[in-house]
Each structure stands twice: as C-alpha cells, then as structure tokens.
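K.L.:
Right, I'll just put the structure down here and ask away after.
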Amino acid sequence: MSQSRGIAAAFLPAFVLGAFVCAGLIGLGYWATRGALEVKGLERSVTVKGLAEREVPADIAIWPIRFTDADNDLVPLYDTVQRHNALVLKFLAKQGFSEQEISVAPPSMVDRQAQGYGNPSQIPFRYAATSTITVYTQNVEQVRKAMTHLVDLGKEGIAISGEDMGAGAQFLFTHLNDLKPGMIEAATRNAREVADKFAADSDSHLGKIRRASQGQFSIEDRDSNTPYIKKVRVVSTVDYYLSD
C-alpha cells in the first residue's frame with residue numbers, strides 16, 4: 001500500500017505539469033483562432049477608382065509657318081527665300097508678335113536631280129528650298145486670330161504648307177502643378193462616393209483607407225477641332241476596409 005502511494009506521489013508532479021501544458025495549448029489555440037478571425041475580418045476591403053477631369057485653355061502656342069520655293073539656279077532661289085522670309089516676318093509683326101517670340105530656321109535645300117530617282121527631264125525645277133519661321137508665345141488667342149489671316153501671305157505669292165506637311169500649330173498646357181492638389185482631392189472624393197455606395201449595397205460599413213495610389217495625370221486635346229482646349233485627367237485607386 002505504501003509502495004502504491006509512493007508511485008502515485010512520484011507521478012503527481014508530472015500529471016499536474018501535463019494538465020497545465022494541455023490547458024495552455026487549449027488556451028493558445030483559442031486565442032490563435034480568435035486572432036486569425038480578427039485578422040481575416042480586417043482583410044475585408046474594397047478597391048475603388050476615383051476620376052477627376054477638367055477642361056483648361058492652353059497657355060503656350062507653337063506655330064511654325066513653313067513654305068517651299070523652287071528654282072533651277074541657287075542664287076535667285078536664295079534671294080526668293082530671303083524675300084519671302086521678310087514678308088512673313090512683316091506679316092507676323094503686323095499681327096502683333098514681338099521679335100522675341102519669332103525664330104527663323106536656316107532653309108533646307110534639296111537638289112532634286114541628285115536624289116537618284118525619277119526622271120530629271122520631268123522635274124521643272126532642280127532646286128527646292130524649304131523655310132520655317134516659328135512663333136512661340138503665351139498669347140494663344142493671338143495665334144488663333146493670326147492663323148485666319150494666312151491668306152494674306154498667299155496673296156504675296158507664298159505657298160504655305162498645310163498640316164499634312166507637319167506645319168500645324170501646337171498648343172500646350174504647362175500649369176499642371178497648379179491643378180494637381182484640387183484634382184487629387186476631387187478624385188479621392190469620387191472614390192469615397194463609389195466605396196460608400198458599394199458598402200451600402202453589401203450591408204457593410206466603410207472603414208479607413210487601407211491603401212491609396214495616385215494615378216498618372218494625362219493632358220489631351222478636348223477634340224481634334226479644338227486643340228487649344230485641353231482635357232486634364234487623373235484616376236486615383238483607393239482601398240477601404242469594410243466592417244459589418
């Protein structure tokens with residue numbers, strides 16, 4: 001009998017230790033399961049995109065005026081180019097542009113008979129010179145108005161190349177940084193409205209922002225007929241937490 005009591009006394013500490021270990025494992029499992037459920041709940045989220053657009057007028061105009069003259073003799077050809085350049089400069093001065101807004105590029109000379117193709121006898125003029133005078137200005141409206149008077153140069157015997165020859169005016173918008181804060185705010189607000197609607201439709205509540213990324217800004221012509229009016233666009237992507 002005393003021997004049985006001795007054996008029981010010897011195993012009692014081990015039994016107690018095992019009971020504590022077992023209880024600890026059960027408790028650890030409970031809290032781990034609860035923690036996993038809470039983490040899983042935190043992972044509920046919705047990703048939405050918010051759009052902001054604005055139409056703005058261009059603030060820079062780049063207007064190349066390009067024309068071509070031809071002759072069989074280089075000397076009179078250069079004289080013609082210089083005379084026509086002077087007429088174009090006079091025209092631009094009359095339209096109100098300053099010398100600082102105008103640049104004259106050296107003429108591009110081409111020997112058509114030296115190009116190695118075509119029948120030289122069918123080429124009426126051997127040499128062709130292309131001259132480009134460019135207006136770079138912040139007065140966009142002044143450029144638009146002057147473009148309507150290009151016919152005056154035609155009356156002077158100057159054949160102006162059209163847009164199919166790469167001579168079309170370009171209109172730029174350079175004040176994007178002034179628009180960025182307001183447009184980002186508008187895009188984020190739009191994203192919030194979309195997320196609120198989603199949460200309401202799914203019987204959820206919208207939480208804090210989980211992650212947000214600003215999209216790239218784009219500047220495009222509003223349409224092909226009004227390149228002097230630009231459409232600025234940005235899309236923001238925002239992740240929101242959801243809760244029951």
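Bear in mind these aren't lab numbers, they're just calculated from the coordinates by the rules spelled out. All values derive from a computational prediction rather than experimental measurement. Note that each Cβ is placed from the backbone with ideal geometry, even for glycine, and that neighbours are counted across all protein chains shown.
K.L.:
Can you work out ³J(HN,Hα) from phi for every residue in the stretch 66-75, in order, using Karplus 6.51 cos²θ - 1.76 cosθ + 1.60 and θ = phi - 60°, giving whole Hz and x for Gly and Pro?
P.N.:
10, 9, 10, 10, 9, 6, 8, 10, 5, 4
K.L.:
Counting other beta carbons within 10 Å of each residue's own, what order do 218, 45, 213 fall into, fewest first?
P.N.:
213, 218, 45
K.L.:
May I ask you to sort 196, 223, 69 by Cβ crowding, counting other Cβ atoms within 10 Å and putting the fewest first?
P.N.:
223, 196, 69
K.L.:
Let me ask something else about it. When the Karplus curve 6.51 cos²θ - 1.76 cosθ + 1.60 is applied with θ = phi - 60°, which whole-Hz ³J(HN,Hα) does each residue of the stretch 180-194 get, with x for Gly and Pro?
P.N.:
Computed from phi, the couplings for the stretch 180-194 are 4, x, x, 6, 5, 4, 5, 5, 5, 5, 5, 4, 5, 4, 5 Hz.
K.L.:
Please compute the modelled spin-label separation between residue 148 and residue 212, points set 7 Å along Cα→Cβ, answer in nm with one decimal.
P.N.:
According to this spin-label approximation, the distance is 4.5 nm.
K.L.:
Could you pull out every one of the lysines with an alpha carbon less than 28 Å from that of residue 180, ignoring same-chain neighbours closer than 8 positions?
P.N.:
Here the lysines satisfying the reach criterion relative to residue 180 are 49, 197, 208, 230, 231.
K.L.:
Here's another thing I want to ask about it. May I ask you to sort 48, 238, 110 by Cβ crowding, counting other Cβ atoms within 10 Å and putting the fewest first?
P.N.:
Listed from fewest to most nearby Cβ atoms, that is 110, 48, 238.
K.L.:
Roughly how many nanometres apart are two label points built 7 Å out from the Cα toward the Cβ at residue 175 and residue 197?
P.N.:
3.2
K.L.:
Whole-Hz ³J(HN,Hα) for each residue in the stretch 229-237, computed from phi via Karplus 6.51 cos²θ - 1.76 cosθ + 1.60 with θ = phi - 60°, x for glycine and proline: what do you get?
P.N.:
10, 10, 10, 9, 9, 8, 10, 9, 10
K.L.:
Can you give the FRET efficiency for residue 54 and residue 104, using 1/(1 + (r/R0)^6), R0 = 35 Å, r = Cβ-Cβ distance, to the nearest 0.05?
P.N.:
That gives a FRET efficiency of 0.45.
K.L.:
Cα to Cα, under 14 Å, and not fewer than 8 places away if on the same chain: which aspartates and glutamates meet these conditions relative to residue 145?
P.N.:
The qualifying aspartates and glutamates are none; the list is empty.
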